[in-house]
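This report refers to the structure that appears directly beneath it.
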Amino acid sequence: MQSLAVDTAKALVLSRDSNQALGIGQFAVDFVKGRLGKPSKAVLERTVLFHTDAVLCGLSALALRTNAPTLLRDEALEYPRESAGGRGKSQAGVPVLGSSKQVAPEKAIAANCSAVREWDSNGTNFGYNPKLGHTAGEFGHNDFYPVAIAAAQLAGKDGAFALRGMVLIDEIRGRLAEVFSLKTYKIDHVVHGAIGSAAAHGAMLGATPEQIESAIGMFVAHYIPWRAIRAGKQLSDSKGASAALSTEAAIVSMQRSLKGFIGPKDIFRNPEALFRQFEKTKGDSPFDLVLTHSGDDFAVMGMHFKLGLYEHQSAGALQGLIDLLHKNPDLLKGGAGNIKSIKIIAYEPAFGIIGDPAKRDPKTRQSADHSMVYIVSTMLRKALEQTTSPKGKSGTDDLWKALMLSPHDYSAQAIFNKQTRALMEKVTFEHGGREYDAKYPDGIPTSVIITTADGKKHDSGLIMYPARHARNTTANLEDLLAAKFKLLGELAVKNPRAIIDRFQNLPAMSSKQLSDLYDFEILKRESID
């Protein structure tokens with residue numbers, strides 16, 4: 001085992017020569033029971049923010065009747081589960097968002113995870129921990145909080161218990177993302193989240209470490225999703241629902257394990273499982289795994305928010321555009337005709353994922369939000385329509401709030417907006433080569449150069465830490481998130497402030513309040529699909 005600079009009073013090292021699946025199970029049980037670990041106040045507060053963010057993404061996706069979340073929610077309601085006890089006590093089922101009806105847990109979890117992920121606007125991690133040299137750079141997203149809510153409701157526990165489960169899920173999936181790059185082998189990033197979900201859900205419901213090991217083994221052996229769901233000219237519902245469907249399989253695996261089904265053991269060292277198939281070893285796992293249980297240094301503290309709807313790899317370009325508009329408000333004078341060209345320079349994998357030539361002509365929302373040229377052109381088009389937006393604004397935070405991309409910026413009407421399409425024709429997207437690649441995933445290295453009709457070039461310079469990035473120190477994150485919460489909340493419910501307050505009050509909730517967490521009406525808006 002390599003020497004790791006780990007504070008063993010605050011973290012547990014699962015070495016590559018150990019049974020890490022069993023180790024994750026033991027860690028999860030000890031963490032949930034409070035025998036191990038005391039996350040700091042900052043960790044808990046950050047997790048509450050990520051959860052509130054995810055829920056508002058999900059509620060607005062349901063209000064606008066997006067296809068996969070609506071379908072999976074309707075499907076879940078076809079699997080009712082009556083409880084012997086009252087609400088706030090141990091339950092047989094759990095509700096979907098916007099309901100009090102108890103349904104099969106795995107179906108509710110699938111529906112709720114699908115909803116929070118649909119916009120691709122919730123939290124993101126990049127799998128980067130230079131302190132330990134764990135920089136595999138796997139993506140991941142805060143899609144899995146419904147797993148912890150469901151487990152706490154099933155167990156008749158309170159909001160603090162649910163929050164602890166959320167921290168646990170993020171810690172396991174976040175640390176796995178630092179040590180094993182699934183995308184390198186064309187495996188979808190949701191595998192790490194599903195493993196964390198199985199472990200946390202099981203531990204919260206009283207599973208033994210051995211039962212959790214069994215469930216993780218079952219999931220990895222039977223249900224691995226490929227990145228085929230993210231390839232092709234026009235993306236489908238499978239892209240947004242990947243976390244939901246994999247988590248459903250992980251929860252079913254945990255349910256079976258709790259009933260006595262025995263899955264493959266020691267799956268990270270199994271020579272026929274994906275980890276050692278893709279990274280050859282002499283019998284060990286390909287990595288050491290460090291899991292924090294106390295203090296500030298949890299994986300969630302390195303995760304990133306999105307300020308609106310866009311693929312996270314485009315955040316540097318959006319920040320570059322906003323910086324240019326703030327410094328040069330005359331860019332908007334003369335309308336689109338004043339913009340001669342827009343050059344974006346970025347790193348891999350941004351260039352490969354959202355610079356794919358097929359994404360230059362998106363026809364679906366799922367493809368548009370993975371198209372760099374569409375995302376940047378849409379924000380610029382909004383700025384041109386609000387020609388006074390830079391005037392009187394105190395800084396770039398105000399521009400973010402004025403130009404924040406909403407679900408309606410990905411409607412069929414918006415995707416084929418003539419001015420947006422005209423701007424897209426002026427955009428070139430270049431790979432910055434080693435100079436840019438070396439700076440990712442520490443940051444999101446991107447630069448934007450806008451050339452005006454008179455031939456003058458306006459260069460943003462290198463953007464590394466855009467607003468909402470975990471290492472950004474200039475933006476007022478809570479103020480920006482408040483604007484985002486309001487934007488999405490007003491689409492979803494009659495009284496968004498009350499719903500926002502409800503979810504931000506999670507740590508203080510009683511078991512009865514947690515049981516009623518989703519009991520409110522979601523508005524029905526006109527579909528944007």
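The values are calculated or read from the model by the stated rules, or taken from the named source; none is laboratory data. Given the structure is predicted, the values throughout are model-derived calculations rather than measurements. Please note: Cβ atoms are built from the backbone with ideal geometry, for glycine as well, and neighbour counts cover all protein chains shown.
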With criteria (1) touching a residue at least 40 places away in the same chain (Cβ under 8 Å); (2) assigned to a helix (DSSP H, G or I); (3) surrounded by fewer than 18 Cβ atoms within 10 Å (Cβ to Cβ), residue 247 comes up short on (3)
Within segment 135-191, the residues that are among the polar types (S, T, N, Q) and part of a helix (DSSP H, G or I) are 153, 184
A careful count of residues in segment 97-146 that are surrounded by fewer than 24 Cβ atoms within 10 Å (Cβ to Cβ), within 10 Å of the chain's Cα centre (by Cα) and closer than 20 Å to residue 439 by Cβ gives 2
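Could you tell me whether residue 425 is surrounded by fewer than 18 Cβ atoms within 10 Å (Cβ to Cβ) and free of Cβ contacts under 8 Å to residues at least 60 places away in the same chain? Let's see the steps before the verdict.
Working: surrounded by fewer than 18 Cβ atoms within 10 Å (Cβ to Cβ): yes; free of Cβ contacts under 8 Å to residues at least 60 places away in the same chain: yes.
Here the answer is yes, as residue 425 does meet what is asked.
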message = Residue under question is residue 447, and the condition is that it be crowded, with 20+ Cβ neighbours inside 10 Å, modelled with pLDDT of 95 or more and of a type outside the set (A, V, I, L, M, F, W, C); does it hold?
response = no
Sole miss for residue 232 among (1) part of a helix (DSSP H, G or I); (2) on the phi > 0 side of the Ramachandran plot is condition (1)
With criteria (1) surrounded by 21 or more Cβ atoms within 10 Å (Cβ to Cβ); (2) out of contact with any strand residue (DSSP E or B) (no Cβ under 8 Å at 6 or more places or on another chain); (3) assigned by TED's automatic domain parsing to the domain that holds residue 185; (4) within 29 Å of residue 442 (Cβ to Cβ), residue 286 comes up short on (1)
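I need a count of the residues in segment 430-471 that are closer than 27 Å to residue 395 by Cα and not in a loop (DSSP other than H, G, I, E, B).
So the first thing to find is which residues in segment 430-471 are closer than 27 Å to residue 395 by Cα, and the list is 436, 439-471.
Those left that are additionally not in a loop (DSSP other than H, G, I, E, B): 436, 446-452, 457-459, 463.
Qualifying residue count, segment 430-471: 12.
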query: Can you find even one residue in segment 334-341 that is touching a helix residue (DSSP H, G or I) at 6+ places or on another chain (Cβ under 9 Å), within 30 Å of residue 447 (Cα to Cα), polar (S, T, N, Q) and outside the structural domain of residue 214 (by TED's automatic domain parsing)?
result: yes
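Being out of contact with any Ser or Thr (no Cβ under 9 Å at 6 or more places or on another chain) and in a helix (DSSP H, G or I), is that true of even one residue in segment 210-219? Lay out the reasoning, then the answer.
Initial filter on segment 210-219 (out of contact with any Ser or Thr (no Cβ under 9 Å at 6 or more places or on another chain)): none.
Scanning segment 210-219, I find no residue that is out of contact with any Ser or Thr (no Cβ under 9 Å at 6 or more places or on another chain) and in a helix (DSSP H, G or I), so the answer is no.
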